[in-house]
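Trainee: Okay, handing you the structure first.
The values are calculated or read from the model by the stated rules, or taken from the named source; none is laboratory data. A quick note: this is a predicted structure, and the numbers were derived from the prediction, not measured. When we count neighbours, we look across all protein chains shown, and the Cβ atoms used for this are built from the backbone with ideal geometry, even at glycine. The accessibility values were calculated without ligands, DNA or RNA, using every heavy atom of the protein model including side chains. Shrake-Rupley method; radii C 1.70, N 1.55, O 1.52, S 1.80 Å.
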Amino acid sequence: MVVLSELSGGSSSSSSTCGPHSSAHVHRYEYDVFLSFRVVDTRLSFTNYLYEALIDADVTAFLDDEEIETGEALKPELENAIKASRASIIVLSKNYASSTWCLDELVLSLEQRMTSNHIVIPIFYHVEPTHVRKQQSSFGDAMSKHKQKMDDEKDENKRSQWAQKIDRWNKALEEVANLKGNDVNGRFETEFIEEIVKDIHRRLHVPLKSAQSLFIGMDYHINFITSWLKDGSSHTADILTIYGIGGIGKTSLAKHVYGLYSHEFHKRSYIEDITRRCDGKYNGLLDIQKQLCGDISKTSSIQIYDVSKYTSMIENAVARKRVFLVLDDINSVDQLDALLGSRGFHPGSKVIITTKGRCLTESCALFKTNIKPKHTKHLLHGLNETESRQLLCSHAFMCNHPKEGYEEVSGKLLEYCQGHPLALEVLGKLLHNRGVAYWEGCMKGLKKETNDRINTVLRISFDSLPSKKDKDLFKHIACFFCWNR
């Protein structure tokens, strides 16, 4: 576990902290955690999933998406956010020290640690603590570049300011490396993130909520795909088809794995909700091809209105470099042919396809050639009884088991949902803080409809919404799903 300094008091609040730091001031906090990270290193991977886990666990976290050019001053809103947070998580990645903004965040977080019981948690993300402490490897390279900028500065006052900053940055890197932190190397990142979230709960005394409800029952599938990604194969390209009924969790699983490992590939692209984006839209497939080309190759500004030309560009790009692609919710061979082509992939490339059709992938043009890739199929099935109960109760009761008096009706709902994650989540949220009588009424409503269980669950949830605005929002969200029972 991460070893941290205990808090001496204070609680999370919607009010910002303000004014100078003094023991006479009573601090009220706007955020539980400030995330300091290098956008190009971890925004779409580790930091993204850590942030989602914190939010899902009712930990108020501040995350800023904007990247800054070297040499620019830290924005006032970021300074205020650090001062308004109870803790900072410092994600020390390969290029962290190349950003003067990140280094300024680190300095300010450590200053807060000394003056206001601010907790600082270092995460060594594929870097060695000793390299951070002694400014070696990528950290040494980054600091050398900062010193070079100082030496190139002709204005004496500015050169002096640079020297003072570099001295503060060096001391901050040494100090943060000496704090007790965690190293992600050699560990499953899902478990690592869960450990961080639990420790934040314990240190900040945030009321406990399941931080990993999204991944209940998914450990086997995450480990399977992780093994598939890291099998060491470099002589061929591999395609994994994840198939199963609608709402079973294919998209969440693929997105999670992509976030964890996409940084390990030269080029990568995650394209979500392909069927909906193509459905009834003349340029839907062209827009998706344009997104894919933009992710994996340098595309020109010339507009292309021909699917076959885009396919040729994609084929050229994936043949040259090792890529990692996730194509989510494919429902036709035409979509696969347009996005995969038929010329083959660079050895070591990995492609994940999510679909409801078990045999769809092998029907595309790529598998009718002599250079067809290795193909693995993976069925995503429903949750078992224990997992189903844990998921339902995590949303309905904020714990893993039914409250006293709810055991029987919970059992009926579990039997009805048959392990379907989305149905369990929707019902759990709908029935949160409701009495047993309301649960029984909901169960009676479900039994009246026998044709489509998932649609019935959604209908009951829809009817319970208090206003037309809420119902309109629900409709927009529901459009992202296509049910096929």
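Trainee: Would you point out which residue out of Gly181, Gly140 is in contact with a strand residue (DSSP E or B) (Cβ under 8 Å, 6 or more places away or on another chain) and either among the acidic types (Asp, Glu) or at negative phi (or both)? I'd like the intermediate steps shown before the answer.
Mentor: Values: Gly140 fails: in contact with a strand residue (DSSP E or B) (Cβ under 8 Å, 6 or more places away or on another chain).
Every option except Gly181 fails the conditions.
Trainee: Also: What number of residues within the stretch 188-230 are open to solvent by 70 Å² or more (accessible area, probe 1.4 Å) and either charged (D, E, K, R) or modelled with pLDDT of 75 or more (or both)? I'd like the intermediate steps shown before the answer.
Mentor: Taking the stretch 188-230 first, the residues open to solvent by 70 Å² or more (accessible area, probe 1.4 Å) are 188, 191, 198, 202, 205, 207-208, 214, 219-220, 227, 230.
Checking which are either charged (D, E, K, R) or modelled with pLDDT of 75 or more (or both) leaves us with 191, 198, 202, 219-220, 227, 230.
The number of residues fulfilling the criteria is 7.
Trainee: Based on what the data block shows, is Thr17 polar (S, T, N, Q), in contact with a helix residue (DSSP H, G or I) (Cβ under 7 Å, 6 or more places away or on another chain), at pLDDT below 90 and over 26 Å from Gln148 (Cβ atoms)?
Mentor: Values: polar (S, T, N, Q): yes; in contact with a helix residue (DSSP H, G or I) (Cβ under 7 Å, 6 or more places away or on another chain): yes; at pLDDT below 90: yes; over 26 Å from Gln148 (Cβ atoms): yes.
Yes, satisfied.
Trainee: Could we say that Cys364 is surrounded by 18 or more Cβ atoms within 10 Å (Cβ to Cβ) and not small (Gly, Ala, Ser) here?
Mentor: Values: surrounded by 18 or more Cβ atoms within 10 Å (Cβ to Cβ): yes; not small (Gly, Ala, Ser): yes.
Against the criterion (surrounded by 18 or more Cβ atoms within 10 Å (Cβ to Cβ) and not small (Gly, Ala, Ser)), Cys364 qualifies.
Trainee: Spot the failing condition for Cys359; the list is (1) over 20 Å from Ser252 (Cα atoms); (2) under 23 Å from the mean Cα position of the chain (by Cα); (3) open to solvent by 50 Å² or more (accessible area, probe 1.4 Å), and only one is missed.
Mentor: (2) is the only condition that Cys359 fails.
Trainee: Would you mind listing the helices (runs of 4 or more DSSP H) fully within the stretch 29-131 where at least 1 residues are more than 23 Å from the chain's Cα centre (by Cα)?
Mentor: On the way: elements: 39-42, 46-56, 76-83, 100-116.
Hits in the stretch 29-131: 76-83, 100-116.
Trainee: Taking the stretch 288-325 on its own, how many of its residues are farther than 19 Å from Leu366 by Cα, loosely packed, with under 15 Cβ neighbours inside 10 Å and more than 24 Å from the chain's Cα centre (by Cα)?
Mentor: Counting residues in the stretch 288-325 that are farther than 19 Å from Leu366 by Cα, loosely packed, with under 15 Cβ neighbours inside 10 Å and more than 24 Å from the chain's Cα centre (by Cα) gives 7.
Trainee: Okay, next question. Name the single residue, out of those in the stretch 243-287 being of a type in the set (S, T, N, Q) and more than 16 Å from Lys356 (Cα to Cα), that is surrounded by the fewest Cβ atoms within 10 Å (Cβ to Cβ). Spell out the reasoning first.
Mentor: Narrowing the stretch 243-287 to residues of a type in the set (S, T, N, Q): 251-252, 262, 269, 275, 283.
Next, from what is left, pick out any that are more than 16 Å from Lys356 (Cα to Cα): 262, 269, 283.
On the way: Ser262: 18, Ser269: 23, Asn283: 13.
Top of the filtered list is Asn283.
Trainee: Taking only the stretch 381-417 into account, find how many residues are surrounded by fewer than 18 Cβ atoms within 10 Å (Cβ to Cβ), within 18 Å of His221 (Cβ to Cβ) and not acidic (Asp, Glu).
Mentor: Selection size over the stretch 381-417: 3.
Trainee: If you don't mind, there's one more thing I want to ask. Is there a residue in the stretch 337-346 that is out of contact with any helix residue (DSSP H, G or I) (no Cβ under 6 Å at 6 or more places or on another chain), charged (D, E, K, R) and open to solvent by less than 60 Å² (accessible area, probe 1.4 Å)?
Mentor: No, every residue in the stretch 337-346 fails to be out of contact with any helix residue (DSSP H, G or I) (no Cβ under 6 Å at 6 or more places or on another chain), charged (D, E, K, R) and open to solvent by less than 60 Å² (accessible area, probe 1.4 Å).
Trainee: May I pose another question? Restricting to the stretch 389-418, count the residues that are within 24 Å of Tyr243 (Cα to Cα) and in contact (Cβ under 8 Å) with a residue 60 or more places away in the chain.
Mentor: Of the residues in the stretch 389-418, the ones within 24 Å of Tyr243 (Cα to Cα) are 389-392, 414-418.
Going one step further and asking which of them are in contact (Cβ under 8 Å) with a residue 60 or more places away in the chain, we end up with 390-391.
Residues in the stretch 389-418 being within 24 Å of Tyr243 (Cα to Cα) and in contact (Cβ under 8 Å) with a residue 60 or more places away in the chain: 2 in total.
Trainee: Quick one: which residue in Lys165, Lys145, Lys149, Lys180 is basic (Lys, Arg), in contact (Cβ under 8 Å) with a residue 40 or more places away in the chain and closer than 15 Å to Ile123 by Cβ? I'd like the intermediate steps shown before the answer.
Mentor: Values: Lys165 fails: closer than 15 Å to Ile123 by Cβ; Lys145 fails: closer than 15 Å to Ile123 by Cβ; Lys149 fails: closer than 15 Å to Ile123 by Cβ.
The match here is Lys180.
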